[in-house]
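Here the structure comes first, spelled out in structure tokens, and everything after it is commentary.
The values are calculated or read from the model by the stated rules, or taken from the named source; none is laboratory data. Keep in mind the model is a prediction, meaning the values are calculated, not measured. Here the Cβ positions follow ideal geometry from the backbone for every residue, glycine too, while neighbour counts run over all protein chains shown. Note: accessible area is taken over every heavy atom of the protein model, side chains too, but ligands, DNA and RNA are not part of it. Shrake-Rupley method; radii C 1.70, N 1.55, O 1.52, S 1.80 Å.
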Amino acid sequence: RQDMQAVANEKGVNVLGVHNATGGLGRDLGQCLKDKLGVGTNKAVDTTETLVYEALREDRPLHLVGHSHGALIVARALKGVRERLTEVDGLSEQQAAVKMSDLEVTTLAGAGSDWVDGPVYGHYLNRFDAVPMLSGVGLNKLNPFASSGAGAELHHFTEIHKPDHLPPLKNGVENFGARFVDQAVHGPRDVYLDHWNLLD
């Protein structure tokens, strides 16, 4: 919520969040794998797909922002949108890409590595952050089955912070570890929002 409010304040726009509930580290990683493979269901993907499809049909501008697993959710949702445009609306692949060119997509530490053509992409990657570098677009040049999206801009930076304000260990090792990683290399407000120029 703090990250979303920061974006709303800086850009002066309405921000709508799609919540992806956590089931703990193991289940969350399992959900990431399913989203990578495009199998199973994820309500966050379904919600995002419907919101994007409706915006395109109503010719409403839309800027999607995904952090970490959120970027993977956006990537999977955009594939679903393309399928709706081609299978339901009868557009060709090229027409669907043109229709989707009205979308702007920004990823911060994104875990998505396979992006459909059409939207205007900006991917932000911290070279010290394993999520985008190993499971996102960081290795796309070596992966013939992945795509950053036609015309995508990749914004690399190198940064590591000394974590502070960490939760007490008694609140759980998983919680402590997640906040440590966020504050050091991965979190939007801790690392990425400074590199994504919110005022452009």
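What single numbered condition from (1) open to solvent by less than 60 Å² (accessible area, probe 1.4 Å); (2) within 16 Å of residue 112 (Cβ to Cβ); (3) assigned to a helix (DSSP H, G or I) fails to hold for residue 56?
Every listed condition holds for residue 56 apart from (2).
In segment 178-194, which residues are over 15 Å from the mean Cα position of the chain (by Cα) and open to solvent by less than 60 Å² (accessible area, probe 1.4 Å)?
178, 179, 182, 183, 184, 185, 190, 191
Might you let me know whether segment 150-165 holds any residue that is surrounded by 13 or more Cβ atoms within 10 Å (Cβ to Cβ) and within 26 Å of residue 26 (Cβ to Cβ)?
Yes: one or more hits.
Do we find that residue 11 is in contact (Cβ under 8 Å) with a residue 24 or more places away in the chain and open to solvent by 20 Å² or more (accessible area, probe 1.4 Å) in this structure?
Working: in contact (Cβ under 8 Å) with a residue 24 or more places away in the chain: yes; open to solvent by 20 Å² or more (accessible area, probe 1.4 Å): yes.
Spelling it out, residue 11 is indeed in contact (Cβ under 8 Å) with a residue 24 or more places away in the chain and open to solvent by 20 Å² or more (accessible area, probe 1.4 Å).
Looking at (1) part of a loop (DSSP other than H, G, I, E, B); (2) over 19 Å from the mean Cα position of the chain (by Cα); (3) modelled with pLDDT under 95, which is the only condition residue 175 fails?
Looking at each condition in turn, residue 175 falls short on (1).
Condition check ((1) touching a residue at least 40 places away in the same chain (Cβ under 8 Å); (2) assigned to a helix (DSSP H, G or I); (3) on the phi > 0 side of the Ramachandran plot) across all residues:
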position: 35; (1), (2), (3): yes, yes, no
position: 40; (1), (2), (3): no, no, yes
position: 47; (1), (2), (3): no, yes, no
position: 73; (1), (2), (3): yes, yes, no
position: 133; (1), (2), (3): no, yes, no
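Please indicate, with yes or no, whether at least one residue in segment 80-93 is in a loop (DSSP other than H, G, I, E, B), surrounded by fewer than 23 Cβ atoms within 10 Å (Cβ to Cβ) and hydroxyl-bearing (Ser, Thr, Tyr). It would help to see each step written out before you state the result.
Taking segment 80-93 and keeping what is in a loop (DSSP other than H, G, I, E, B), we get 89-92.
From the residues that got through so far, the ones that are surrounded by fewer than 23 Cβ atoms within 10 Å (Cβ to Cβ) too are 89-92.
Among the residues that remain, those that are also hydroxyl-bearing (Ser, Thr, Tyr) are: 92.
Taking every residue of segment 80-93 in turn, at least one turns out to be in a loop (DSSP other than H, G, I, E, B), surrounded by fewer than 23 Cβ atoms within 10 Å (Cβ to Cβ) and hydroxyl-bearing (Ser, Thr, Tyr).
For segment 113-135, enumerate the residues that are crowded, with 24+ Cβ neighbours inside 10 Å and either of a type in the set (Asp, Glu) or at pLDDT below 95 (or both).
129
Counting just the residues of segment 145-186 that are touching a strand residue (DSSP E or B) at 6+ places or on another chain (Cβ under 9 Å) and in contact (Cβ under 8 Å) with a residue 40 or more places away in the chain, which one comes out farthest from residue 135 (Cα to Cα)?
Within segment 145-186, the first condition is being touching a strand residue (DSSP E or B) at 6+ places or on another chain (Cβ under 9 Å), and the residues that meet it are 145-160, 185-186.
Now drop any that are not in contact (Cβ under 8 Å) with a residue 40 or more places away in the chain, which leaves 149-150, 155, 185-186.
Numbers: 149: 15, 150: 19, 155: 16, 185: 15, 186: 13 Å.
Filtering first and then ranking leaves 150.
Considering only segment 94-112, how many residues are on the phi < 0 side of the Ramachandran plot, surrounded by 15 or more Cβ atoms within 10 Å (Cβ to Cβ) and touching a residue at least 24 places away in the same chain (Cβ under 8 Å)?
Of the residues in that region, 12 qualify.
Name, by its number, the condition in (1) aliphatic (A, V, I, L, M); (2) at pLDDT 90 or above; (3) over 27 Å from residue 196 (Cα atoms) that does not hold for residue 45.
(3)
Looking at (1) surrounded by 15 or more Cβ atoms within 10 Å (Cβ to Cβ); (2) out of contact with any helix residue (DSSP H, G or I) (no Cβ under 7 Å at 6 or more places or on another chain), which is the only condition residue 49 fails?
(2)
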